[in-house]
1. At q = 0.15, 0.21, 0.22 Å⁻¹, work out log10 I(q)/I(0) for the range 17-107 with the Debye formula, treating every Cα as an identical point scatterer and leaving solvent out; two decimals please.
2. Can you give me the distance in nm between label points at S87 and L43, each placed 7 Å from the Cα along the Cα-to-Cβ direction?
3. Using a 1.4 angstrom probe on the protein heavy atoms only, line up L37, L5 by accessible area, largest first.
Amino acid sequence: VKAVLIFAVHVPLFMTTPDSGSSKWAFWTIHNLLLSLVYAAVLVLPLTPLRDRLPARPSFFRYVAVLLAIDATATIGSTLLLAGATSAGSCVYALANATYYAGYPWLLYVTFLADFFSTVSSDNEQLYYASMDGLDDTGLEALLGDDAVDLTPPVALR
């Protein structure tokens, strides 16, 4: 979408003229509005017959709700900037961006990875220590048998 707007519609990358700011903020308003609509549609889907295709985890819907709130805030900020309210629009848009970039990794971890690491880590530790029980020097020699390779360093390295 961004490439089409930059190369086909000629939305400028840098604001070199006073008029170029309006096309930039129009792009961000449309972009954030579309994302907000997608997140709102995902939140409405459990009320439709398509609910069987969605994940059953409530944490997923909390994740989508948080992203909807952030994108709705960014839409308001970019709309204010498009309308010319630069100080209020910059504040709201910067707040949305700071919230997104500071909170997104944490939100991803809490939503998708926290349960996995809390349940699997103890199992991994038990497997790790259980596999080490029989591997000492005598176990390694018994495993290799009489055909064991001499692992002593060569004369030049002694």
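The values are calculated or read from the model by the stated rules, or taken from the named source; none is laboratory data. Here the structure is a predicted model, which means the values were calculated and not measured. In this analysis, Cβ positions are derived from the backbone assuming ideal geometry, glycine residues included, and neighbour counts consider all displayed protein chains. Accessible surface areas use protein heavy atoms only, side chains included; no ligands, DNA or RNA. Shrake-Rupley method; radii C 1.70, N 1.55, O 1.52, S 1.80 Å.
1. Results for the range 17-107 at q = 0.15, 0.21, 0.22 Å⁻¹ read -0.63, -0.96, -1.02.
2. With each label placed 7 Å out from Cα toward Cβ, I get 3.1 nm.
3. Ranked list, largest accessible area first: L37, L5.
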